[in-house]
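Structure first, commentary second.
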Amino acid sequence: MPFDPSELASRFDESPEAAFAYVAELARAGDAAAQTIAGQMYLDGNGCEKAPSEALYWFQQAAHRHSPMAMNMLGRCYENGWGNAVDYDLAAVWFRRAADTGLDWAVYNYAHLLANGRGVTKDRAAAFVWFSRAVDMGHARSMNFLAQYYENGWETPHDPDKAMALFRRSAEAGDYRGECSWASVLATQGRVDEAETFLRSAIPKAPSYFLDALADALARSPYPQLRSLLTSPRP
């Protein structure tokens, strides 16, 4: 019996545990889609005990069955040390394999390694090319990073109009980084109410390390209504 997304949704309506039982049975039978979802559920502790080593195992199984999403998640495991030691070299290998299938998140992840020189030789020009590919696929977070290239003239002529357009596209697509970047632009233009709206959308989605940096930035804002966001309860 092949994996059926509608059946998974039905099992989730029953309970996360029922959904996990359905996925686990198919994963053990060798279904790559189910193996990928099982890996994610183990990673999140959704319907089962959180177990990064089990997540790694199932991502490996699905990746070797050519699942692009599993390849990308296997790269994430090696990048972040989920279920194993951090290994940027292997992260780069798996991100590149997934990127070559056309998976937008993998294209972004590979570009990010190139930009930072992790697992590959640092190459900002190549990162620009890969971020551009992801943007062409409609990847919202890549829009925010590509905007920084145009904003700063990295590996491409300085083009503030392109930068602003990309920041806005990223924000309107709901990426928390893009929302904060676009909010900064709006605040600079004196459009403070609009900036606040995007910031309020971003804050619940952003991880704690990003919120710490955002707090420092907002503390320097000349606008009290933006500074006051620092005192709002964090997720």
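Among 141-148, 193-200, 90-97, the peptide with the highest mean count of other Cβ atoms within 10 Å heads the list, and the full ranking is 141-148, 90-97, 193-200. Helix 160-172 and the longest principal axis of the Cα set of the chain meet at an angle near 50°. For the range 138-235, a simple Cβ point-charge model (Lys and Arg +1, Asp and Glu -1, everything else neutral) yields a dipole of about 240 debye relative to the Cα centre. Residues of the range 158-196 with backbone nitrogen within less than 19 Å of a virtual label 7 Å along the Cα-to-Cβ line of ALA125, please, listed as ranges. Label zone hits: 158-159. Under 28 Å of direct C-alpha separation, and excluding same-chain neighbours fewer than eight residues apart, LYS122 reaches these lysines: LYS162. Ordering ASP31, ASP100 from the fewest to the most neighbouring beta carbons within 10 Å gives ASP100, ASP31.
Using the rule -39500 (n - 2.57) for each DSSP H run of four or more residues, divided by the residues of the chain, the 222 nm mean residue ellipticity is -21500 deg cm²/dmol.
The calculated FRET efficiency for GLU172 paired with HIS66, based on their beta-carbon distance and R0 = 30 Å, is about 0.30. Sort out for me the Cα centre separation of the range 30-47 from the range 91-145, rounded to whole Å. The range 30-47 and the range 91-145 have Cα centres separated by 24 Å. Positive-end ranking of LEU146, GLY178, ALA213 along the dipole of the range 138-235, with charges on Cβ about the Cα centre, is headed by ALA213.
Modelled label positions at ARG200 and MET137, each set 7 Å beyond Cα in the direction of Cβ, lie 3.4 nm from each other.
Working note: Cα atoms of the chain, range along each principal axis, descending, whole Å: 58, 40, 31. A quarter of the convex hull surface defined by the alpha-carbon atoms of the range 148-204 gives 3.7 nm² as the mean projection. Computed from the C-beta positions of ARG118 and ALA213 and an R0 of 22 Å, the FRET efficiency is 0.65 to the nearest 0.05. Taking GluC sites (Glu not before Pro) across the range 21-102, the ones in a DSSP loop with at most 15 further Cβ atoms lying within 10 angstrom of their Cβ are GLU49. With the largest listed first and rounded to whole Å, the semi-axes of the equivalent ellipsoid of the range 138-235 from the Cα gyration tensor are 23, 15, 12. Computed from Cα atoms, the angle from the helix 88-99 axis to the main principal axis of the chain rounds to 90 degrees.
Restricting the trypsin sites (Lys or Arg not before Pro) of the range 1-69 to loop positions (DSSP other than H, G, I, E, B) with no more than 12 neighbouring Cβ atoms within 10 Å leaves LYS50.
For LYS50, the lysines whose Cα falls under 30 Å of its own Cα, not counting residues fewer than eight places away in the same chain, are LYS205. Out of the chymotrypsin sites (Phe, Trp or Tyr not before Pro) in the range 2-73, which ones are loop residues according to DSSP with at most 13 other C-beta atoms within 10 Å? Here no loop site has a sparse enough neighbourhood.
Rule-based calculations on the coordinates, nothing more; no lab input. All of these numbers come straight from a predicted model, not from anything done at the bench. Please note: Cβ atoms are built from the backbone with ideal geometry, for glycine as well, and neighbour counts cover all protein chains shown.
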